[in-house]
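Single-structure report; data block below.
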Amino acid sequence: MKNVLHIISSPRTNGSASRTLGNAIEVKLQEAYPEHTITTLDLLKNPFPHLGEEQVDSWFIPAKSRTPEQNAAVQRSDDAIAQLHASDVIIISVPIYNFGIPSALKAYIDHIARGGMTFRYSENGFEGLVKNKKSLYRGGQRFHFFRR
Ligand SMILES: Cc1cc2nc3c(=O)[nH]c(=O)nc-3n(C[C@H](O)[C@H](O)[C@H](O)COP(=O)(O)O)c2cc1C
């Protein structure tokens with residue numbers, strides 16, 4: 001049994017190509033591995049705020065000195081990181097918007113990219129700490145990982 005996290009980032013719902021592709025992958029996965037648990041993180045319905053002073057400051061302030069607002073900001077980030085670490089398979093439904101990713105996905109990435117939690121700098125340089133995950137993005141180029 002594996003935990004699958006499906007991150008949806010298109011701001012569109014009706015006629016969204018990336019949602020259609022992501023949902024098709026979900027269906028295929030569920031057919032092949034009915035025992036897997038799929039959690040959907042729809043960044044349109046549950047957006048992460050653009051990083052503001054509150055968020056950035058709160059990550060560097062000791063817990064006992066934080067305001068309730070700073071605690072809430074840290075909690076949102078901590079929860080998202082815990083969800084990421086708990087998943088074995090990550091599907092990212094992402095379109096190109098203006099030569100980049102939708103801002104909702106960038107905001108999410110800003111909340112999960114925290115030193116010592118999802119990356120660190122070691123003597124060998126930058127090191128990612130979200131390890132041993134299978135990932136699919138932009139409609140399934142890496143779908144072969146999931147074939148039996
Ligand atoms: C506001 C906007 C900006 C876009 N920018 C680009 C782009 O820079 N490059 C590109 O190849 N396609 C671009 N597209 C096309 C989208 O990537 C394409 O329509 C995609 O299917 C959108 O995904 P969605 O249907 O899941 O929202 C853009 C579409 C929109 C609506």
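The values are calculated or read from the model by the stated rules, or taken from the named source; none is laboratory data. The structure displayed is predicted, hence computed values, not measured ones. Backbone-built Cβ (ideal geometry, glycine too); neighbour counts: all protein chains shown.
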(message) Go through (1) within 16 Å of the ligand (Cβ to nearest atom); (2) crowded, with 16+ Cβ neighbours inside 10 Å; (3) over 23 Å from LEU129 (Cβ atoms) for ILE92 and report which single condition fails.
(response) (3)
(request) Please name all residue pairs, on different chains or six or more residues apart, with Cβ atoms under 7 Å, provided the first residue is in the stretch 7-30 and is in contact (Cβ under 8 Å) with a residue 40 or more places away in the chain and the second residue is in a helix (DSSP H, G or I) and within 9 Å of the ligand (Cβ to nearest atom). (result) ILE8/ARG19; ILE8/GLY22; SER10/SER18; SER10/ARG19
(request) Scan (1) outside any loop (DSSP other than H, G, I, E, B); (2) modelled with pLDDT under 95; (3) out of contact with any Phe, Trp or Tyr (no Cβ under 8 Å at 6 or more places or on another chain) for the single condition ASN14 breaks and write down its number. (result) (1)
(request) Could you pull out the residue among ASP79, ASP57 that is modelled with pLDDT under 95, acidic (Asp, Glu) and out of contact with any helix residue (DSSP H, G or I) (no Cβ under 6 Å at 6 or more places or on another chain)? (result) ASP57
(request) Read through the list (1) closer than 24 Å to HIS111 by Cα; (2) in contact (Cβ under 8 Å) with a residue 40 or more places away in the chain, then give the number of the only condition that GLU69 fails. (result) (2)
(request) May I ask you to list the residues in the stretch 95-105 that are within 8 Å of the ligand (Cβ to nearest atom) and of a type in the set (A, V, I, L, M, F, W, C)? (result) ILE96, PHE99
(request) Would you check if there is a residue in the stretch 94-114 being in contact with a helix residue (DSSP H, G or I) (Cβ under 6 Å, 6 or more places away or on another chain) and without any contact (Cβ under 8 Å) to a residue 40 or more places away in the chain? (result) yes
(message) From the list ALA82, ALA24, exactly one residue is under 21 Å from THR118 (Cβ atoms) and assigned to a helix (DSSP H, G or I). Which is it?
(response) ALA82
(message) So, in the stretch 31-56, exactly how many residues are within 15 Å of the ligand (Cβ to nearest atom), in contact (Cβ under 8 Å) with a residue 60 or more places away in the chain and either buried (at least 20 other Cβ atoms within 10 Å of the Cβ) or of a type in the set (D, E, K, R) (or both)?
(response) 1
